Structure formats: C-alpha cells, structure tokens
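S.K.: Here it is, the structure, as structure tokens.
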Amino acid sequence: MASSPPVFRFAPSPNGRLHLGHAYSALENQRLAARFGGELLLRIEDIDLTRCRPEFEQGIDEDLAWLGIGFAPQVRRQSRHFDDYRRALDRLDAMGLVYPCFCSRQEVKDAVRRREAEAGTPWPRDADGAPLYPGTCRALSETESHRRREAGEPHVLRLAIGRALARMAGAALSYRLFDENVAESEVAVDPARWGDVVLARKDVPTSYHLSVVVDDALQGVSHVVRGKDLEAATDIHVLLQRLLDLPTPRYHFHRLLSDETGQKLAKSRLSQSLADLRAQGTSAEAIRRQLGFT
C-alpha cells in the first residue's frame, strides 16, 4: 500500500502584519513541502481573541497570495475549535495532571524573589529565560481549589510537570529531526526544564502548547517546519503528544531573521511589514531573492 504524502503547515497568528521572518518561514515550508512531494496547509492561530483581528487575517491572505504561496483549500482557524482543546485538557485533568493556579504574574515574581533571597542563589529559569513557576498553588487541596474557582477567582490551568513525567517513567521522549536531504536524527527532549507550563486560561480553554499538538494531530501534520526560537518548546509538545496518545511529527527548525541591531524580527518590535515593503514598490520576486528562494 502506498504511503500518504507528507503534510506540512504554516501557522501565523493574525495579531499584526507579517514581516520578512514570516515570509521566510512560509517560503521554507513551501520549498520543503515541494521537496518532499507533500501538501501544505494554512492554519490561523487565533486563540488570543483580544489581539487577533479580522483585518490582520485578511492581511495574511494578501501577503501569502502576493508571495505566490498556495495552500490546500481547507483553512483551520483555532478559535472555531475550542471544544477540541477542551477535550484534550479534560483528558489530562482526568489523569490528575492539571491544577488551577490563582497566582498573578506579579505574585509569581514576588514568590521567586523571596525564594532567591532565602536561598541566596538565582531561581531556575526555563529555556526562554523566564523564572520557573515555584509551585505555589500545586499544593492547594481540591476543596480549596474548587472553592476559589466557584468564587470566580481568575486563574490558569497548569501542567503538573513532575506528575506528568512520573507517568511517562521508562518511556523514551524524543522526536525525529529532518533536513532537506531527507536525513533524520533522533533528538531527546527534556520537558522538566519548562516547569509547570500553562495549558489554559479562565477565558480561553487552551494555550499555544496544547492547541498546537491537538491541531497537528487532527490535521494529520507529519512534518513541522518552524523557527529555531520554538525548538526548545518541542520538549513540552512531545510530552503532551505522548500523554494524549497523539503522533509526533518530524521537525525541522529554520534560521531566524534579525534586524540591523541584531534583534529577531518581531511584530512586538514593529518590524517592517510585508505590506510596507509592497507599498514601497518591492516585488515578491525581490523578496524571494533576498531570502534565498530563487
């Protein structure tokens, strides 16, 4: 029986206009999908309902069409699939791996400072450099947690990383890394370095970590091509895939583009958008040449 063609995906968030870094990622997905004889999907990651806007999604469509990138007809918009993420969260909760955290960001910072002062040493950081959550709410009784949730206290839902890893004891946690020459290597992961990550918020029943693994599985994504800034996060994704009995795709991490100051291009820093470049008369072909896609 012939195997199914590989499935790739490009997954932007409509919380601003795309810049050259997004163009590079989209073009790299297109190039590798063609190289492997695969299909390329478009996913709109719009779980942040406060920042994602229709005009930005329209801008994504315009920019990708201008670059000449074609996708399979069906587009998945995360905001229409909260029930999928809620079901996955319920499965983790039934395993005893999820707990509510009522700490504000400031309270977390204060708790970390107190512990650093007591220990006289820096508090551990995650792979992105943020302090690990100190577990303040992990020890709350079910009665207390239920009371506070029923009272409407703002909270997030965290993954109890220690319990999750204990459940996976003896299992090899790894993924396959691939390159454009179809060569692959096995990469072991270390989810513990992320601590008790947030899986959902009170107003949004998911997070990036949870939704991305659910989406990849439901869309049949076999090959994930994304920037090196997300390489470390794959540790958590592999763990969630194993806990939820979801397949683990193969991964490829491409280089990141920087501005003249050496900082990574980002919407938050108002990096020049593709729309601005287009308005200045830059052609799509010039963008392709600049990024190395001839």
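The values are calculated or read from the model by the stated rules, or taken from the named source; none is laboratory data. Quantities reported herein were computed from a predicted structural model and do not represent experimental measurements. Here the Cβ is made from the backbone with ideal geometry for all residues, glycine too, and neighbour counts use every protein chain on show.
S.K.: Among the residues in the stretch 11-24, are any out of contact with any helix residue (DSSP H, G or I) (no Cβ under 9 Å at 6 or more places or on another chain), surrounded by 18 or more Cβ atoms within 10 Å (Cβ to Cβ) and outside the structural domain of Gly195 (by TED's automatic domain parsing)?
M.R.: Taking every residue of the stretch 11-24 in turn, at least one turns out to be out of contact with any helix residue (DSSP H, G or I) (no Cβ under 9 Å at 6 or more places or on another chain), surrounded by 18 or more Cβ atoms within 10 Å (Cβ to Cβ) and outside the structural domain of Gly195 (by TED's automatic domain parsing).
S.K.: Working carefully through the options Gly135, Gly129, Gly152, find the one that is surrounded by 11 or more Cβ atoms within 10 Å (Cβ to Cβ) and either without any contact (Cβ under 8 Å) to a residue 24 or more places away in the chain or not in a helix (DSSP H, G or I) (or both).
M.R.: Gly135
S.K.: Continuing with this model, one more query. What pairs come up if the first residue lies in the stretch 21-46 and is β-branched (Val, Ile, Thr), the second is at pLDDT 95 or above and in a strand (DSSP E or B), and their beta carbons are under 8 Å apart, counting only those six or more places apart or on different chains?
M.R.: Going by the 8 Å Cβ cut-off, the qualifying pairs are Ile44/Arg76; Ile44/Arg77.
S.K.: On to the next question. Restricting attention to helices (runs of 4 or more DSSP H) lying wholly within the stretch 19-103, give those where 2 or more residues are farther than 25 Å from Lys228 by Cα and of a type in the set (Asp, Glu).
M.R.: 54-67, 82-94
Condition check ((1) loosely packed, with under 14 Cβ neighbours inside 10 Å; (2) outside the structural domain of Gly292 (by TED's automatic domain parsing)) across all residues:
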position	(1), (2)
Leu49	yes, no
Glu57	no, no
Gly68	yes, no
Ala88	no, yes
Ala94	yes, yes
Arg105	yes, yes
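S.K.: Something else: I'd like to know if the stretch 237-260 contains one or more residues that are among the acidic types (Asp, Glu) and modelled with pLDDT under 95.
M.R.: Yes, the conditions are met somewhere in the stretch 237-260.
S.K.: Checking the structure you have, find out if any residue of the stretch 255-272 is in a strand (DSSP E or B) and free of Cβ contacts under 8 Å to residues at least 60 places away in the same chain.
M.R.: Within the stretch 255-272, one or more residues are in a strand (DSSP E or B) and free of Cβ contacts under 8 Å to residues at least 60 places away in the same chain.
S.K.: Another one. Has the stretch 212-224 got at least one residue that is in a strand (DSSP E or B) and modelled with pLDDT of 95 or more?
M.R.: Among the residues of the stretch 212-224, at least one is in a strand (DSSP E or B) and modelled with pLDDT of 95 or more, which makes the answer yes.
S.K.: Assigned to a loop (DSSP other than H, G, I, E, B), modelled with pLDDT of 95 or more, farther than 21 Å from Pro12 by Cα and not polar (S, T, N, Q) - does that describe any residue in the stretch 280-288?
M.R.: yes
S.K.: Can I ask one more? Looking only at the stretch 73-86, count every residue that is in contact with a strand residue (DSSP E or B) (Cβ under 6 Å, 6 or more places away or on another chain) and surrounded by 15 or more Cβ atoms within 10 Å (Cβ to Cβ) and tell me the total.
M.R.: Here the count works out to 2.
S.K.: Name every residue in the stretch 196-206 that is modelled with pLDDT of 95 or more, within 19 Å of Gln78 (Cα to Cα) and buried (at least 21 other Cβ atoms within 10 Å of the Cβ), in order of residue number.
M.R.: Scanning the stretch 196-206 gives Leu199, Ala200, Thr206.
S.K.: I'd like to check something: does the stretch 129-142 contain any residue that is within 30 Å of Arg255 (Cα to Cα), in contact with a strand residue (DSSP E or B) (Cβ under 8 Å, 6 or more places away or on another chain) and not hydroxyl-bearing (Ser, Thr, Tyr)?
M.R.: Yes: one or more hits.
S.K.: A further question on this structure: Need pairs with beta-carbon distance below 7 Å; first residue among the aromatic types (Phe, Trp, Tyr) and within the stretch 48-76, second assigned to a helix (DSSP H, G or I); sequence gap 6+ or separate chains.
M.R.: Trp66/Arg278; Trp66/Ala284
S.K.: So for the stretch 124-146 (the condition being touching a Leu at 6+ places or on another chain (Cβ under 7 Å) and closer than 15 Å to Thr234 by Cβ), does at least one residue qualify?
M.R.: Yes, the conditions are met somewhere in the stretch 124-146.
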